[in-house]
Structures are given as structure tokens and as C-alpha cells.
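K.L.:
A single structure is presented below for examination.
The values are calculated or read from the model by the stated rules, or taken from the named source; none is laboratory data. Bear in mind that the values here come from a model prediction, so they are computed numbers and not experimental data. Counting neighbours? That spans all protein chains shown, and the Cβs are built from the backbone with ideal geometry, glycine included. Remember, those area values only see protein heavy atoms, side chains included, never the ligands or the DNA or RNA. Shrake-Rupley method; radii C 1.70, N 1.55, O 1.52, S 1.80 Å.
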Amino acid sequence: MTTNTTPPVEGVAERHHGDILYHGKGIKILGIQLPPWRSPLAQVILIGFVCFLCPGMFNALSGLGAGGQVDSAVQANASVALYTTFALVGFTAGTVLNYFGAQATLAFGGLGYAIYSASFLCYNHTKNEGFVLFAGAFLGVCAGFLWCAQGTVMMSYPTESEKGRFIGLFWAIFNMGGVIGSCIPIATNWNSEDDGSVNDGTYVGFLALMLCGAVLAFFLVPPEKIIRKDGTRVQRVRHPSMKREIYGLWETIKTDTYILLLFPFFWASNWFYTYQQNCYQLFYFNLRGRTFTNLWYWLAQILGALAFGFFLDSQRIGRRKRAIYGWVILFVAVSTIWGGGLKPLIASSRDKYPDDAPAIDVFDKDFTWYLILYMAYGFQDAMWQTYAYWMMGALSNEPRKLAYFAGFYKGIQSAGAAVVWRLDGVKYSYATLFGSSWGLCGAGMLLAVPVIWRRIKDTELTEDDFVTLAEKDIVMSGLKQVESGHKDGVR
């Protein structure tokens, strides 16, 4: 007897049929039941590993300081090009995804990361800065497509009851890319005690893994072939046209003007990377020290996101209080960690690098304290990103509005990153980059206070979630009918 594997009609739950399909197609390995390949879980794990191999490895490469080079200007200028195109492409990525599909869009996105790594391999031998700049700009385009495809899969493939867990699973796999990716330069450069560029083996390793990520994207299953546990069919997530997207952003600013107060918070969210990676880490550590601290930086990122995220989701405290307490914790962390970085800042100078830089090695006695500060920078960064996404999610439950909030966040974040990498590229002082990083964090948090105090409420559903009064009346009437039916059933 064969089972009809045609997906059920869109929006209709055929629970028994879906259960048979879901549990009948999996395989066992070492006694572990794996989910069917066409299940949302398997596909979310797949896209997690695509991002593990592409942006995850990019994070590991960037964390080496100057992209593994001695001169930070090359990588800084490439980052300017990267974040400029990233900020611009975000508006059209949805339209491209609708036309070509998630497989091709995701694979093309992964290709840009491989070319970026190849450009530094080429630079090791030819000093061809033009290729690196092109690779940075091209990666900005590709990254916009990759993250658009990733977001679409995360929104559309899981059922409503699975989305939270699946998103958490994705971010755990993705962030491990920075950790595992850091092991490549550690293994290939461990015996190097100088302060030069990383060797070819490091770039070749990143290049190979990033290419694997691009190829892996072709195994993504189209939405119409996905099998859910409840038998429902995946609905396509349609992105609006570029014209509609821009108009929607303008509408959001008009109806939710308070979002403007969060723009400095968004702008600061990627600004501090430049000082942390291309100033502090590059100045104080030799090559072996940078590869080792990079590993611990990304581990601290994972710990920070898990710890702060767990607190922000705690049900023992009301959501409004969690927002306020979370702001206080983050403000204390920012003040303490950046205050702790003042002493190393005073002792460092761009004029001293590289000839008079400390070049601290893993086995030097002062290494541990400088490592702890660098880990603290990573921990605070994870807290900042976690709070930003949690805060936006607490402002509304309307998916379209949240999509525009996220668009503002990524666009402004990328624009800020483009500016600060340019400042590093033209050799602004370490003090300028340090002071602007700390200052923007403080200003962003202070300007966010009115939004947190007045807009974040304890209830999951607010009046802001209803577009019109008529819709509100319909929903409330439906809730009353459900409640009445529940009471009748109890009787």
C-alpha cells in the first residue's frame, strides 16, 4: 500500500495523514530517529549549517583582526564596500527571492563569502587591493540575498508551535560556526610567534568550507514539498516589490514615530566591532594570540546570548519589568566593560603599530587579562543584539510591522558599520573609535528609555496589533465565542 505524498490543500490540517508521512520517512542512525528530509526540522538544520559554513566562517575570519593581515586598511575598506551594498540590497532581496526561489538565492549568497576569502588568499601573494574591495562589495550583495532567504525559511517552514524552538536551534548552529571556524587559524598558525599575516592554509580552509556551504544550499527543499507534523502545507512568504517595500517603511515611520528614537541604538549595534577587532585585538596580540582569542570571543558571544536571552524570557517577571531590568543590566555591562578598556586604550596608539606593539603571545603572563577583556567585549555584544531583537518583538505582534522594524535594524546597522570601517581605513585614532563606540552605546541606550518606558507592556496582545477597529471587534467577538463554548463544554 502506498501513501499519497501530495501535500494537502493549503491551510487545511490533515493531522493523521501528516503524522504518517512525517514519521514514516525518517531513518535511524545509531539508534537515533532522524526527521524526514522534507520535514521543517531537517530543513532548518540544513539552513543552519549553510550559515554555519558561510557567515559563521566569515565571523571567524573577521575576528582575526584585519582579516588576518598586518595592515588593517585593506580589510577596513573592503568592509566599507560590504556594508554599503548590504544596506542597499536589503530593499530588493525579497523581489529576487520571489523570482529565483530560496535554493538559488541562498546558494548565490553563499558564493560571495567564498570569493571574499579567496580575495585575501590572493592578496597574500599579489597585494591586489582592488580584488579585495570588489569581493567586499560583492559579498554585501550576496549577504543581503542569503539573509533574506534564511528569514523566509525560518518564517514559513515550521508550524506556529515550533517557530521559537527552531529559531533557537538555528542560531545555536550558526554561532558555532565562529567557534569552530576559529580552530582553523589556530591549527594552521599555532607555531607562528610573529605578528605577520595568516598563512595560505587558513584562507584555503575558509574557502573550502564556504564553498561547501554554497553547494549545501541546493539541497534545500522547496516549500510546496515540505511535510509538516500536522499535515498543513507551507504557505509561500511573498515579499513586496521594492516600491511597496519603501512605501511600507515610510508608513511605519509615520504610524510608529517612536521607532526613530531607536535608530541610534541600531546604529551602534555593529559600530564597536571595528575597535574591538581592528584596534584592540590587532594591536595587543601576535598572530597566535589573535587566533586563540578569536575562539574565546565567539564562545563568549554564545554564552552572552543564552544567558541574557534566558533572563528576558523568564516568566517569573512581567514583560515590562524585564524590559526595564534588562536595560539596567545592559547599561551596567556597557559602562563596566568599556570603562575597563580605558587602561589598554591609553597604552595603545595607531602610531605604535606594528613596530612598537606589545604582540602578546598565548604563553605571556599578561595574556589572560587581555583575553578576559576581549571576551567581555564579545559577551556585551551578544547582550546588545539579543536585547535589540527582544525589544523589537515586544513592541508589536504584527508580522509585517516587525519585518519593517527588522529592516530598519539591519539597514541602519549596516550603514553605521560602513561609516566606522571607513574611519578605520583612513587611520582615525584608536581613541576616536573607542570613544565613539562607548558614546554611541550610551546615547543609544538613553534615547531608547522613552520607548521602553512608554511602549513595552505586559500583555502579549495590545491595541497596536489590530489594524482597524472593525478587525478588533471581530477578534474580540471570536474570543468571547470561544470562551463561551469552553464554559459550555465544562458544564
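K.L.:
Exactly one condition in (1) open to solvent by 30 Å² or more (accessible area, probe 1.4 Å); (2) of a type in the set (S, T, N, Q); (3) over 23 Å from residue 443 (Cα atoms); (4) part of a helix (DSSP H, G or I) is false for residue 335; which is it?
P.N.:
In the conditions (1) open to solvent by 30 Å² or more (accessible area, probe 1.4 Å); (2) of a type in the set (S, T, N, Q); (3) over 23 Å from residue 443 (Cα atoms); (4) part of a helix (DSSP H, G or I), residue 335 misses (3) alone.
K.L.:
Follow-up question, since we're still on this one. If you check residue 355 against the conditions, is it open to solvent by 20 Å² or more (accessible area, probe 1.4 Å) and under 30 Å from residue 184 (Cβ atoms)? Break it down into steps so the answer makes sense when it comes.
P.N.:
Numbers: open to solvent by 20 Å² or more (accessible area, probe 1.4 Å): yes; under 30 Å from residue 184 (Cβ atoms): yes.
Considered against the rule, which asks whether it is open to solvent by 20 Å² or more (accessible area, probe 1.4 Å) and under 30 Å from residue 184 (Cβ atoms), residue 355 comes out as yes.
K.L.:
Based on this model, can you work out whether residue 349 counts as of a type in the set (Gly, Ala, Ser), closer than 25 Å to residue 439 by Cα and out of contact with any helix residue (DSSP H, G or I) (no Cβ under 6 Å at 6 or more places or on another chain)?
P.N.:
The answer is yes for residue 349.
K.L.:
Take residue 26 and tell me if it is assigned to a helix (DSSP H, G or I) and either under 18 Å from the mean Cα position of the chain (by Cα) or modelled with pLDDT under 80 (or both).
P.N.:
It is false that residue 26 is assigned to a helix (DSSP H, G or I) and either under 18 Å from the mean Cα position of the chain (by Cα) or modelled with pLDDT under 80 (or both).
K.L.:
Still on this structure, I have one more. Can you confirm whether region 41-64 contains a residue that is open to solvent by 10 Å² or more (accessible area, probe 1.4 Å), modelled with pLDDT of 60 or more and over 22 Å from the mean Cα position of the chain (by Cα)?
P.N.:
The answer is no, given that none of the residues of region 41-64 is open to solvent by 10 Å² or more (accessible area, probe 1.4 Å), modelled with pLDDT of 60 or more and over 22 Å from the mean Cα position of the chain (by Cα).
K.L.:
Residues 81, 114, 102, 118: which one is more than 23 Å from residue 174 (Cα to Cα) and in contact with a Leu (Cβ under 8 Å, 6 or more places away or on another chain)?
P.N.:
81
K.L.:
Can you find a residue in region 420-435 that is touching an Asp or Glu at 6+ places or on another chain (Cβ under 7 Å) and in a helix (DSSP H, G or I)?
P.N.:
yes
K.L.:
Does any residue of region 230-237 turn out to be modelled with pLDDT of 90 or more, open to solvent by less than 80 Å² (accessible area, probe 1.4 Å), closer than 30 Å to residue 391 by Cα and touching a Pro at 6+ places or on another chain (Cβ under 9 Å)?
P.N.:
Let us first name the residues in region 230-237 that are modelled with pLDDT of 90 or more, namely none.
Looking through region 230-237, none of the residues is modelled with pLDDT of 90 or more, open to solvent by less than 80 Å² (accessible area, probe 1.4 Å), closer than 30 Å to residue 391 by Cα and touching a Pro at 6+ places or on another chain (Cβ under 9 Å).
K.L.:
Same structure again: Every residue in region 253-266 that is in a helix (DSSP H, G or I) and more than 15 Å from residue 412 (Cα to Cα), please.
P.N.:
Scanning region 253-266 gives 254, 255, 257, 258.
K.L.:
For region 353-379, name all the residues that are within 16 Å of residue 276 (Cβ to Cβ) and touching a strand residue (DSSP E or B) at 6+ places or on another chain (Cβ under 8 Å).
P.N.:
Within region 353-379, 360, 370 qualify.
K.L.:
Could you give me the residue pairs with C-beta distances under 8 Å whose first residue belongs to region 124-152 and is within 26 Å of residue 97 (Cα to Cα), whose second residue is among the basic types (Lys, Arg) wherever it lies, and which are 6+ apart or on separate chains?
P.N.:
147/410
K.L.:
Sticking with this structure for a sec: Please work out which one of (1) modelled with pLDDT of 90 or more; (2) open to solvent by less than 60 Å² (accessible area, probe 1.4 Å) is the condition residue 372 fails and give its number.
P.N.:
Of everything listed in (1) modelled with pLDDT of 90 or more; (2) open to solvent by less than 60 Å² (accessible area, probe 1.4 Å), residue 372 misses just condition (2).
K.L.:
Still on this structure, I have one more. Enumerate the pairs (first residue in region 297-320 and within 28 Å of residue 369 (Cβ to Cβ) and aromatic (Phe, Trp, Tyr); second residue anywhere and outside any helix (DSSP H, G or I) and open to solvent by less than 70 Å² (accessible area, probe 1.4 Å)) with beta-carbon separation below 7 Å, excluding pairs fewer than 6 apart on the same chain, so at least 6 apart or on different chains.
P.N.:
Short answer, once both residue conditions are applied: 297/63; 298/63.
K.L.:
Those residues that are assigned to a helix (DSSP H, G or I), of a type in the set (S, T, N, Q) and modelled with pLDDT of 85 or more, I need them from region 113-155; list them, please.
P.N.:
Result: 117, 119, 126.
K.L.:
Also, I was wondering about something else. When both residues are 6+ apart or on different chains and their Cβ atoms are under 8 Å apart, which pairs have a first residue that lies in region 197-209 and is of a type in the set (Phe, Trp, Tyr), and a second that is modelled with pLDDT of 85 or more?
P.N.:
Pairs that qualify, where the first residue is of a type in the set (Phe, Trp, Tyr) and the partner is modelled with pLDDT of 85 or more, are 203/117; 203/118; 203/120; 203/121; 206/57; 206/117.
K.L.:
Considering only residues that are out of contact with any Leu (no Cβ under 9 Å at 6 or more places or on another chain) and either modelled with pLDDT of 75 or more or in a loop (DSSP other than H, G, I, E, B) (or both), which ones fall in region 181-198?
P.N.:
187, 190, 191
K.L.:
Going by the conditions given, is residue 171 open to solvent by 50 Å² or more (accessible area, probe 1.4 Å) and modelled with pLDDT under 80? Working first, answer last.
P.N.:
Working: open to solvent by 50 Å² or more (accessible area, probe 1.4 Å): yes; modelled with pLDDT under 80: yes.
Considered against the rule, which asks whether it is open to solvent by 50 Å² or more (accessible area, probe 1.4 Å) and modelled with pLDDT under 80, residue 171 comes out as yes.
K.L.:
Same structure again: I'd like the residue in region 293-330 that is touching a helix residue (DSSP H, G or I) at 6+ places or on another chain (Cβ under 6 Å) and open to solvent by 50 Å² or more (accessible area, probe 1.4 Å) and, out of all such residues, is farthest from residue 388 (Cα to Cα).
P.N.:
296
K.L.:
Now, a different point. Considering only residues that are open to solvent by less than 10 Å² (accessible area, probe 1.4 Å), at pLDDT 90 or above, outside any helix (DSSP H, G or I) and not hydroxyl-bearing (Ser, Thr, Tyr), which ones fall in region 267-292?
P.N.:
Correct list: 285 only.
K.L.:
Contact list please: Cβ distance under 6 Å, first residue in region 273-293 and in contact (Cβ under 8 Å) with a residue 40 or more places away in the chain and of a type in the set (Val, Ile, Thr), second residue surrounded by 24 or more Cβ atoms within 10 Å (Cβ to Cβ) and in a helix (DSSP H, G or I), pairs at least six apart or on different chains.
P.N.:
From residues that are in contact (Cβ under 8 Å) with a residue 40 or more places away in the chain and of a type in the set (Val, Ile, Thr), the pairs are 274/420; 274/421; 274/424; 291/185; 291/189; 293/374.
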